[in-house]
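The values are calculated or read from the model by the stated rules, or taken from the named source; none is laboratory data. On a predicted model such as this, the values are computed, not experimentally measured, just so you know. Here Cβ is always computed from backbone atoms with ideal geometry, including for glycine, and neighbour counts include all displayed protein chains.
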Amino acid sequence: MEISNLIPHVESLIFASDKPLTSLEITDLINNAFGFMEDKISLDQIESTIEGIVEKYQSEFYPFEIKQSGGGWQFLTKKEYHKTVAQLNGEKFLKRLSSASLETLSIIAYKQPVTKAEIEAIRGVSSDYAVQKLLEKDLIIITGRNEALPGHPLVYATSKNFMDYFGINSSDDLPKLKEIFDDSMVNSTPITGEALLPVDSDTETDIDLSSEEEEDSSSLLVVSETGELVIEAILPENEDQEQPSSDEENEEEKNKPEE
């Protein structure tokens, strides 16, 4: 069957389904519908068909598109029409998760599979209520028990509804922590006063910070961009000025007029 003939069948399946459909599920449904055909529809044909549908609905003429969300393909209105659709399903869009629920959900998303004891060890407080609410909202599921721990506690993980709720296709689409915390935003911080200097294990250093000579000399410890402590010498204000020698001082004493 040609791609142009497959497009309306695939579109109708995605549109009529009450849950996201994977490419493999669409392939099986199409083959079941056309069981009389000797040549079965391949997964590659379905994926090529979906690519054509995606390109079709990218046009500004359509207020909706098909996207991979919640583990499969589904029709979604484009973000430009969010406010309009919110008028119809206002209560659904106004629902928010509490801070405790978001914290618990974040831990489960990044640490899954995880037990409730591990969640509470990270948060530092009881998470019974938050876990129960997340289960009721079908954002997390119980995947089994941890047989290696005493008491075999329940193990939690995120659900397909979680991926659909946040508009991602899998847990791999979650933002990486290094993307959230940018190291380049940490500036070098000058440190004044007494501080411990790092000592290289391969070399021996004889540094006595408590000596009077070093206390008299001016220096500044700063943190470099690589996170290392380095010493920067601070030149005295009058260091650039030439100091008169002892001979010059004696000559000036001789040339002073006697009172």
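Kindly establish whether Glu55 is assigned to a helix (DSSP H, G or I) and closer than 27 Å to Lys176 by Cα.
So Glu55 does not fit the description; no.
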Practice item. Report whether or not Glu118 is out of contact with any strand residue (DSSP E or B) (no Cβ under 8 Å at 6 or more places or on another chain), without any contact (Cβ under 8 Å) to a residue 24 or more places away in the chain, of a type outside the set (Ser, Thr, Tyr) and surrounded by 15 or more Cβ atoms within 10 Å (Cβ to Cβ). Key: yes
How many residues of region 1-25 are surrounded by 14 or more Cβ atoms within 10 Å (Cβ to Cβ), outside any loop (DSSP other than H, G, I, E, B) and not β-branched (Val, Ile, Thr)? The answer is 7
For Ile168, the lone unmet condition from (1) assigned to a helix (DSSP H, G or I); (2) within 20 Å of Lys19 (Cα to Cα); (3) modelled with pLDDT under 85 is (1)
Reported set for region 73-87 where residues are without any contact (Cβ under 8 Å) to a residue 60 or more places away in the chain and either surrounded by 14 or more Cβ atoms within 10 Å (Cβ to Cβ) or assigned to a strand (DSSP E or B) (or both) is Trp73, Leu76, Thr77, Lys78, Val85
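On the basis of being of a type outside the set (Asp, Glu), more than 17 Å from Leu139 (Cβ to Cβ), outside the structural domain of Tyr165 (by TED's automatic domain parsing) and not in a helix (DSSP H, G or I), does Ile66 make the cut? If you could, list the steps in order and put the result at the bottom.
Working: of a type outside the set (Asp, Glu): yes; more than 17 Å from Leu139 (Cβ to Cβ): yes; outside the structural domain of Tyr165 (by TED's automatic domain parsing): yes; not in a helix (DSSP H, G or I): yes.
Criteria met by Ile66.
Filter region 26-54 down to the residues that are of a type in the set (D, E, K, R) and more than 29 Å from the chain's Cα centre (by Cα), then identify the one that is surrounded by the fewest Cβ atoms within 10 Å (Cβ to Cβ). Don't jump to the end; show me each part of the working.
Quick first cut of region 26-54, residues of a type in the set (D, E, K, R) only: 28, 38-40, 44, 47, 51.
Restricting the remaining residues to those that are more than 29 Å from the chain's Cα centre (by Cα) gives 28, 38-40, 44, 47.
On the way: Asp28: 15, Glu38: 4, Asp39: 8, Lys40: 12, Asp44: 10, Glu47: 14.
This residue is Glu38.
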When region 125-165 is checked residue by residue, the ones that are part of a loop (DSSP other than H, G, I, E, B) and in contact with a Pro (Cβ under 7 Å, 6 or more places away or on another chain) are Asn146
Only unsatisfied item for Leu24, checking (1) within 19 Å of Asp164 (Cα to Cα); (2) modelled with pLDDT under 90, is (2)
